[in-house]
């Protein structure tokens, strides 16, 4: 398999299968047992296995967190273990530890039986929510006790502020560096599940303090409901196998919903042919303004991202500066030892890329959000760093520094059967000397809609692009 088809999101060392990274950061659930109770020793053994594998195979383990700090976090987690605990309790410790790695591709999945048992036992908040900035709003509801309405702002739940609840949830979510944009998007999509698992397991009634549109505050008490009765409110993945070019009044619009070649092929879409035809068409029409919509795009094949950038580049450029692996790595690609690092040498993304002959030379406005992750964040970063586009919207969910992904292992913890994806390539994007350590690609034009704009379905990010175009 050539590196043209090696994706950070899809290459598993054991099976060469596509793994799903960005179906909105989707859950893969596996299990061989049934929601058993773990002894303290079993739980300790699983945490030891987790630590050993991270140290052995994860080259980005200490990218944002020092070795001493990770050792402290593991020691603290071990000290919290009881004589016996459920798999869900250990899963909370695992997710908390992995959040300290600050790698959005290092994600666990709960065993299916334990997950199903948890869902069957709990009574969940019968709401869907939306974060606008750090504020949390009711987006959908199964109950209408009193005057609770879509668009009401949640101030507290069962006496705890939304800020505290959000922090508790974020402490268990994997994300690149110190980026919160992607965590907000994850948290809103799975809020009632995360609340029950990480904040207040066992709660059956919810006291809500909300702020109404007129500024007044009201309190409501709603009963929790069973998971199966709330599935109609589940939010779908934002990622789509979508390639689109439209010419509108005063600008052209290009939507790239994913860089995952597997998804695009299944939708009978030819990515390379789409780019070639689209940019030829843009040039033939003499287009001056292009809105590049990368929202909801969770990444995919590395070289799909680099190829897209080459259609905007006005000079030769590098996409990746380097790709590092650990001493224990054995898998796809050629590796050489250089300056104390194990460096990948055979990946096309490390090459010097040339501008396309039919490159677009007009103004580019790239729309991004917290779902813009992995390869998509790499694209936004290189465009941002080289000033080839104006970024509008939210900070990307993927890191400006690069990420750890690519060739991955699937680790199953022996006793709990908790599984996790363990990426083994640490990418550094070719943007050395930047000011965004631990951050994503920060938009030149940050946009947060008001609740009224959201309820009205206004595309405020696109509108901001159009406003800049008119100027």
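The values are calculated or read from the model by the stated rules, or taken from the named source; none is laboratory data. A quick note: this is a predicted structure, and the numbers were derived from the prediction, not measured. As a convention, Cβ positions derive from the backbone with ideal geometry for all residues, glycine included, and neighbour counts pool all protein chains shown.
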Open item on the list: Checking the structure you have, find out if any residue of region 420-427 is modelled with pLDDT of 95 or more, part of a loop (DSSP other than H, G, I, E, B) and in contact with a strand residue (DSSP E or B) (Cβ under 9 Å, 6 or more places away or on another chain).
Closed with: no
- [ ] Would you check if residue 282 is outside the structural domain of residue 152 (by TED's automatic domain parsing) and either in contact with a helix residue (DSSP H, G or I) (Cβ under 6 Å, 6 or more places away or on another chain) or modelled with pLDDT under 95 (or both)?
- [x] no
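Suppose we filter region 130-148 for residues that are loosely packed, with under 13 Cβ neighbours inside 10 Å, out of contact with any helix residue (DSSP H, G or I) (no Cβ under 8 Å at 6 or more places or on another chain) and modelled with pLDDT of 95 or more; how many remain?
1
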Open item on the list: Considering only residues that are surrounded by fewer than 20 Cβ atoms within 10 Å (Cβ to Cβ), in contact (Cβ under 8 Å) with a residue 12 or more places away in the chain and within 25 Å of residue 341 (Cβ to Cβ), which ones fall in region 413-438?
Closed with: 428, 432, 434, 436, 437, 438
TODO: Kindly establish whether residue 42 is at pLDDT 95 or above, more than 23 Å from residue 189 (Cα to Cα) and over 24 Å from the mean Cα position of the chain (by Cα).
DONE: yes
Task: Selection count where residues are touching a residue at least 12 places away in the same chain (Cβ under 8 Å) and closer than 26 Å to residue 301 by Cβ, scope region 245-275 - done: 21
Open item on the list: Quick test for you: out of 119, 100, 183, pick the one residue that is surrounded by fewer than 20 Cβ atoms within 10 Å (Cβ to Cβ) and closer than 23 Å to residue 439 by Cα.
Closed with: 100
Open item on the list: Anything in region 343-355 that is in contact with a helix residue (DSSP H, G or I) (Cβ under 6 Å, 6 or more places away or on another chain) and not in a loop (DSSP other than H, G, I, E, B)? List them, or say none.
Closed with: 348, 349, 353
Open item on the list: For region 201-211, which positions are in a loop (DSSP other than H, G, I, E, B) and surrounded by 12 or more Cβ atoms within 10 Å (Cβ to Cβ)?
Closed with: 201, 203
- [ ] Starting from residues that are in contact with a helix residue (DSSP H, G or I) (Cβ under 7 Å, 6 or more places away or on another chain) and under 21 Å from residue 197 (Cβ atoms), keep the ones in region 42-73 and report whichever is surrounded by the fewest Cβ atoms within 10 Å (Cβ to Cβ).
- [x] 73
Task: Pick from region 432-443, criterion outside any strand (DSSP E or B) and touching a strand residue (DSSP E or B) at 6+ places or on another chain (Cβ under 8 Å), ranking: modelled with the lowest pLDDT - done: 432
- [ ] Please specify each residue of region 47-63 satisfying the condition of being in a helix (DSSP H, G or I) and more than 18 Å from residue 335 (Cβ to Cβ).
- [x] 47, 48, 49, 50, 51, 52, 53, 54, 55
TODO: With the checklist (1) over 28 Å from the mean Cα position of the chain (by Cα); (2) part of a strand (DSSP E or B) in hand, flag the one item residue 323 doesn't pass.
DONE: (1)
TODO: Could you list all residues from region 444-471 that are outside any loop (DSSP other than H, G, I, E, B) and in contact with a helix residue (DSSP H, G or I) (Cβ under 7 Å, 6 or more places away or on another chain)?
DONE: 445, 453, 460
- [ ] Within region 64-85, track down each residue that is without any contact (Cβ under 8 Å) to a residue 60 or more places away in the chain and assigned to a loop (DSSP other than H, G, I, E, B).
- [x] 65, 66, 81, 82, 83
Open item on the list: I need the full set of residues from region 306-320 which are assigned to a loop (DSSP other than H, G, I, E, B) and buried (at least 23 other Cβ atoms within 10 Å of the Cβ), in order please.
Closed with: 312, 319
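Residues of region 439-458 being under 22 Å from residue 138 (Cβ atoms) and surrounded by 15 or more Cβ atoms within 10 Å (Cβ to Cβ), which ones?
Answer for region 439-458, where residues must be under 22 Å from residue 138 (Cβ atoms) and surrounded by 15 or more Cβ atoms within 10 Å (Cβ to Cβ): 447, 448, 449, 451, 453, 454, 455.
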